[in-house]
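*Asks:* Before I ask anything, here is the structure I am working with.
The values are calculated or read from the model by the stated rules, or taken from the named source; none is laboratory data. The model shown is predicted, which means the values in this text are computed figures rather than measured ones. So basically every Cβ, Gly included, is an ideal-geometry build from the backbone, and we count neighbours across all protein chains shown.
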Amino acid sequence: MELLTWFEANPYLGSGLIVIGILGLIFIHDVFIQKKYAILHNFPVVGHLRYLMMMVGPEMRQYWVANDKEEQPFNRSEREWIYSSADNENNNFGFGTSEVIYTIGYPIIKNAGIPLASDKAYKQKEDPTAIPCLKVMGESHGRKKKFRPRSIINISGMSFGSLGMRAISAFNKGASLAGCYHNTGEGGVSDYHLLGGDVMWQLGTGYFGCRDEEGNFDLDKLVSKANANKSVKAIEIKLSQGAKPGKGGILPGAKVTTEISNIRGIPKGVDCISPNSHKEFSTPSELIDFVERIAQASGLPVGIKAAIGKEDFWIELADLMKERNEGPDFITIDGGEGGTGAAPLTFSDHVSLPFKIGFSRVYQIFQKRGISGDIVWIGSGKLGFPDRTIVALTMGCDIVHIAREVMLSIGCIQAQKCHTGHCPAGIATQNSWLEAGIDVNKKAQNLKNYIDHYRKELIQISHASGYEHPSQFVASDIEFSSGVNKFSNLGEILGYERDKITFSGMKELLK
């Protein structure tokens, strides 16, 4: 009764205390109870403004700012598809396409007159979205530990250091749940890469995780670590990447913690700038020697990753591989549209060819020499959507690597603060407060959901076109608009058809 009297006597003060109490409860809920949203944990109370603006955004955006197709590098519609897929919610869109389908370069996937009946297509009971790779890494060169990837969709290289331990942990656990593999990025193998998912160990120019005190490559360290961790299935030598080709990796000193310093063998708190080229080789012939040294010592398939510019290197490499019957078991082609944690603007915008151009040029070099079929081809660079994946497979890819799309699936909001160490979603940061917003198990499940929906849609589109596996698409199945009432198929545009595949059915492949 006295409390009520006090409130009547002090209405403004009493109302203020009620508001403070409510805000306090919201703060406690956001930080200590809810686990779904890193933004709410890292920015309690005020973080709700973002979701309020998202809720009213579609109505407001028709008058203000950008439409759903204008934002870059991923527009709002693309992000919404990933977010909905990751949360296992409705990822369909209503009212028909909002694309201008006569725009030059717009792709069309041709459906069959009579689709392949989905209920008659073979699916694995344990994972009905499983799409294994048709090729086996290391088979053509007789590696001891050959590897057939269980998924044609896999996680691209993102280093521990560039990303935090919780993000890397979520990726690896998610890879295990989804049955795909996880590329370590050039930062090397950390404990957070060893949580159950298959691993592709990437070797950059810094040789992190397998270097001596002077920064030189140490083969014994690599073999010892690979043998000790059976989840390491392949080694990828990074020559360059699409967002900064010919430029070494950049890890700002603010991200070089004591743990990362110990893992990489570098000074704490100091900018880590990797050399722009490898010490172990300087010619295509020496690169093949390096590949064979690692493959012979480890037994693992060994490949290379590169952004594409001048063609003379690739011509010489293909000639030597044909002559010696040695060399990379797989080749990852990264497009200039690919992402990175940090890079100079001009490198990101103007150096290296975009994926479709770079891949087609390199693939044809090897195809003309009759050895493209001996290589597992991997595409990378904004390919994390079913339509782009089908185009990449039709061009000759066997596998697709995705990075930023995977980040979006665990909560990235495209703030583009990766290079600052202040990622608001707690992904591209070493800040313990910001990282704490990531619930590893929840985000691992989100990643799995995204991969499952992604592969499910790939299978559905394949069935619509009369195929069982998306690698069965041929160049005449894809057409690109070249103006009103004028379309050209992919084979006419590229000037080649991908190698004919050997496919005995999903049932045989999923045994």
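*Asks:* Among the numbered conditions (1) surrounded by 11 or more Cβ atoms within 10 Å (Cβ to Cβ); (2) modelled with pLDDT of 85 or more, tell me where Gly14 comes up short.
*Replies:* Just one mismatch for Gly14, condition (2).
*Asks:* Which of the helices (runs of 4 or more DSSP H) contained wholly in region 387-496 include at least 1 residues that are of a type in the set (Val, Ile, Thr)?
*Replies:* Numbers: elements: 404-409, 432-435, 440-464, 490-494.
Here the list reads 404-409, 440-464, 490-494.
*Asks:* Going residue by residue through region 89-109, is there one that turns out to be under 20 Å from Met54 (Cα atoms), within 24 Å of the chain's Cα centre (by Cα) and part of a helix (DSSP H, G or I)?
*Replies:* Among the residues of region 89-109, not one is under 20 Å from Met54 (Cα atoms), within 24 Å of the chain's Cα centre (by Cα) and part of a helix (DSSP H, G or I), which makes the answer no.
*Asks:* Could you tell me which numbered condition Glu89 fails, if it satisfies all but one of (1) surrounded by 13 or more Cβ atoms within 10 Å (Cβ to Cβ); (2) at pLDDT 85 or above?
*Replies:* Here Glu89 clears every test but (1).
*Asks:* Got at least one residue in region 399-418 being more than 19 Å from the chain's Cα centre (by Cα) and in contact (Cβ under 8 Å) with a residue 40 or more places away in the chain?
*Replies:* Taking every residue of region 399-418 in turn, none turns out to be more than 19 Å from the chain's Cα centre (by Cα) and in contact (Cβ under 8 Å) with a residue 40 or more places away in the chain.
*Asks:* Identify, by number, the condition in (1) more than 17 Å from Asp398 (Cα to Cα); (2) buried (at least 20 other Cβ atoms within 10 Å of the Cβ); (3) modelled with pLDDT of 95 or more; (4) among the hydroxyl-bearing types (Ser, Thr, Tyr) that Tyr363 doesn't meet.
*Replies:* With (1) more than 17 Å from Asp398 (Cα to Cα); (2) buried (at least 20 other Cβ atoms within 10 Å of the Cβ); (3) modelled with pLDDT of 95 or more; (4) among the hydroxyl-bearing types (Ser, Thr, Tyr) applied to Tyr363, the lone miss is (1).
*Asks:* OK, next. Any idea which residue in region 430-440 is surrounded by the most Cβ atoms within 10 Å (Cβ to Cβ), counting only those that are modelled with pLDDT of 90 or more and touching a Ser or Thr at 6+ places or on another chain (Cβ under 9 Å)?
*Replies:* Among residues in region 430-440 that are modelled with pLDDT of 90 or more and touching a Ser or Thr at 6+ places or on another chain (Cβ under 9 Å), the one surrounded by the most Cβ atoms within 10 Å (Cβ to Cβ) is Ile438.
*Asks:* So Ser151 passes all but one of these: (1) more than 25 Å from Ile371 (Cα to Cα); (2) touching a residue at least 40 places away in the same chain (Cβ under 8 Å); (3) touching a Cys at 6+ places or on another chain (Cβ under 7 Å); (4) not β-branched (Val, Ile, Thr). Which condition number does it fail?
*Replies:* It fails just one condition, (1).
*Asks:* Only one of Arg211, Arg166 is assigned by TED's automatic domain parsing to the domain that holds Ala295, of a type in the set (Lys, Arg), surrounded by 23 or more Cβ atoms within 10 Å (Cβ to Cβ) and touching a residue at least 40 places away in the same chain (Cβ under 8 Å). Can you tell me which?
*Replies:* Arg166
*Asks:* Here is a follow-up. Among (1) small (Gly, Ala, Ser); (2) assigned to a helix (DSSP H, G or I); (3) touching a residue at least 12 places away in the same chain (Cβ under 8 Å), which single condition is Ser261 missing?
*Replies:* Of the numbered conditions (1) small (Gly, Ala, Ser); (2) assigned to a helix (DSSP H, G or I); (3) touching a residue at least 12 places away in the same chain (Cβ under 8 Å), the odd one out for Ser261 is (3).
*Asks:* Hey, does region 52-63 have a residue that's over 18 Å from Lys442 (Cα atoms) and either in a loop (DSSP other than H, G, I, E, B) or at pLDDT 80 or above (or both)? Reasoning before the result, please.
*Replies:* Applying the first criterion (over 18 Å from Lys442 (Cα atoms)) to region 52-63 yields 52-63.
With either in a loop (DSSP other than H, G, I, E, B) or at pLDDT 80 or above (or both) added as a condition, the list becomes 62-63.
Yes, region 52-63 has at least one match.
*Asks:* Being out of contact with any strand residue (DSSP E or B) (no Cβ under 9 Å at 6 or more places or on another chain) and hydroxyl-bearing (Ser, Thr, Tyr) is true for just one of Ser488, Ser504. Which residue is that?
*Replies:* Just a single option satisfies the conditions, and that option is Ser504.
*Asks:* Looking only at residues that are at pLDDT 80 or above and aromatic (Phe, Trp, Tyr) in region 17-51, which one is farthest from Glu435 (Cα to Cα)?
*Replies:* By that ranking, first place goes to Phe27.
*Asks:* Just checking, which of Ala228, Ala307 is at negative phi and surrounded by 14 or more Cβ atoms within 10 Å (Cβ to Cβ)?
*Replies:* Ala307
*Asks:* Given the criteria out of contact with any strand residue (DSSP E or B) (no Cβ under 7 Å at 6 or more places or on another chain) and closer than 23 Å to Lys368 by Cα, does Gly495 qualify?
*Replies:* Numbers: out of contact with any strand residue (DSSP E or B) (no Cβ under 7 Å at 6 or more places or on another chain): yes; closer than 23 Å to Lys368 by Cα: yes.
Spelling it out, Gly495 is indeed out of contact with any strand residue (DSSP E or B) (no Cβ under 7 Å at 6 or more places or on another chain) and closer than 23 Å to Lys368 by Cα.
*Asks:* OK, next. Considering every residue within region 270-282, establish whether at least one is in the same structural domain as Asp319 (by TED's automatic domain parsing), among the aromatic types (Phe, Trp, Tyr) and assigned to a strand (DSSP E or B).
*Replies:* First, pick out the residues of region 270-282 that are in the same structural domain as Asp319 (by TED's automatic domain parsing): 270-282.
Keeping just the survivors that are among the aromatic types (Phe, Trp, Tyr) gives 281.
From what is left, the residues that are assigned to a strand (DSSP E or B) are none.
Looking through region 270-282, none of the residues is in the same structural domain as Asp319 (by TED's automatic domain parsing), among the aromatic types (Phe, Trp, Tyr) and assigned to a strand (DSSP E or B).
*Asks:* In this structure, does Val136 turn out to be at pLDDT 95 or above and under 15 Å from the mean Cα position of the chain (by Cα)?
*Replies:* For Val136, the condition - at pLDDT 95 or above and under 15 Å from the mean Cα position of the chain (by Cα) - is not met.
*Asks:* Within region 457-507, which residues are polar (S, T, N, Q), within 20 Å of Gly396 (Cβ to Cβ) and surrounded by 15 or more Cβ atoms within 10 Å (Cβ to Cβ)?
*Replies:* Result: Ser462, Ser465, Ser471, Gln472, Asn489.
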